[in-house]
Amino acid sequence: MYAYRISLNNGPGFPHMSLGQNDGGERGSGELLSRLLEVMECKNVVVVVSRWHGGGNLGSERWRLISGVAKEALKRGAFGRKVPDPKKGN
């Protein structure tokens with residue numbers, strides 16, 4: 001699954017973002033990653049999350065895991081602004 005947000009400079013006063021996403025078979029995950037890029041105000045970045053089935057069903061926990069690893073990767077790469085984690089108080 002992936003999402004990207006690329007800043008295109010179309011001249012003065014014409015900012016534009018090229019956006020894209022793909023679920024990679026995990027319905028809704030591309031949209032989740034795309035929203036994360038928007039909230040973090042990321043520009044010129046592609047975030048990719050891969051997942052494999054290890055036997056157990058993750059259920060709704062998968063959304064937290066997908067978002068968490070993407071946010072950590074963006075944070076480590078210094079892309080966008082920091083998004084507070086209400087559970088950690090930061």
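The values are calculated or read from the model by the stated rules, or taken from the named source; none is laboratory data. Just so it is clear, the model here is predicted, and its values are computed rather than measured. Counting neighbours? That spans all protein chains shown, and the Cβs are built from the backbone with ideal geometry, glycine included.
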When segment 53-67 is examined, which residues are found to be surrounded by 13 or more Cβ atoms within 10 Å (Cβ to Cβ) and under 15 Å from residue 36 (Cβ atoms)? 62, 63, 66, 67
Which of the residues belonging to segment 19-47 are surrounded by fewer than 17 Cβ atoms within 10 Å (Cβ to Cβ), under 16 Å from residue 73 (Cβ atoms) and touching a strand residue (DSSP E or B) at 6+ places or on another chain (Cβ under 6 Å)? 43, 44, 46
Apart from one, (1) surrounded by 12 or more Cβ atoms within 10 Å (Cβ to Cβ); (2) at pLDDT 90 or above all hold for residue 50; the odd one out is (1)
When segment 29-62 is checked residue by residue, the ones that are without any contact (Cβ under 8 Å) to a residue 12 or more places away in the chain and assigned to a loop (DSSP other than H, G, I, E, B) are 52, 53, 54, 55, 56, 57, 58, 59, 60
